[in-house]
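A short reminder: the numbers here are calculations on the coordinates, not readings from a lab. Computed from a predicted model, the values in this text were never measured in an experiment. Every residue, glycine as well, gets a Cβ built from its backbone with ideal geometry; the counts of neighbours run over all protein chains shown.
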Amino acid sequence: MEDLVRENISRFKPYEAGKPIKEVQRELGLKRIIKLASNENPLGPSPLALEAIKKSLSNISRYPDGSCFYLKRKLAERLNIQP
């Protein structure tokens with residue numbers, strides 16, 4: 001396997017995830033902890049994001065739009081340019 005990975009890449013240290021909140025609470029004896037690591041939002045997702053996810057669930061078996069067709073079209077409309 002080592003022959004398949006360049007040496008400079010093989011020296012990378014793997015990502016080490018932080019501990020779960022409940023474990024940190026237990027270790028430090030705290031009742032409330034707000035986790036700000038790992039791009040997590042302590043407020044949770046916005047209601048609009050949740051609604052968009054719910055509306056998309058029926059298409060979960062489909063690949064996403066890799067070429068961003070609809071995004072390009074909306075941006076072109078907004079910027080008054082050709083997509």
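Things to note:
- Calculated FRET efficiency for the pair ILE60/GLU27, C-beta based, R₀ 41 Å, to 0.05: 0.65
- Relative to the longest principal axis of the Cα atoms of the chain, the long axis of helix 69-79 lies at roughly 70 degrees.
- Low-density loop cleavage sites - chymotrypsin sites (Phe, Trp or Tyr not before Pro) in the chain, where at most 16 other Cβ are within 10 Å (DSSP): PHE12, TYR15
- Choice from ARG26, ARG62, ARG73 showing the highest fluctuation, given a GNM over the chain with Cα pairs closer than 10 Å: ARG73
- All distinct Cα pairs of the chain go into the 1/r average, and the inverse of that average, the Kirkwood radius, is 18.4 Å.
- The magnitude of the dipole of the chain, with charges of +1 and -1 set on the Cβ of Lys/Arg and Asp/Glu and taken from the Cα centre, is near 440 debye.
- Toward the positive end of the charge dipole of the chain, with +1 on the Cβ of Lys and Arg and -1 on the Cβ of Asp and Glu, the farthest Cα among ILE34, SER46, TYR70 is that of SER46.
- Angle in degrees between helix 47-56 and the longest Cα principal axis of the chain, rounded to the nearest 10: 70
- Among the listed pairs LYS22/LYS74; LYS35/LYS72; LYS13/LYS35; LYS22/LYS54; LYS54/LYS74, those beyond 32 Å (Cα-Cα): LYS22/LYS74; LYS35/LYS72
- Sorted by Cβ neighbour density within 10 Å, fewest at the top, the residues GLU7, GLU77: GLU7, GLU77
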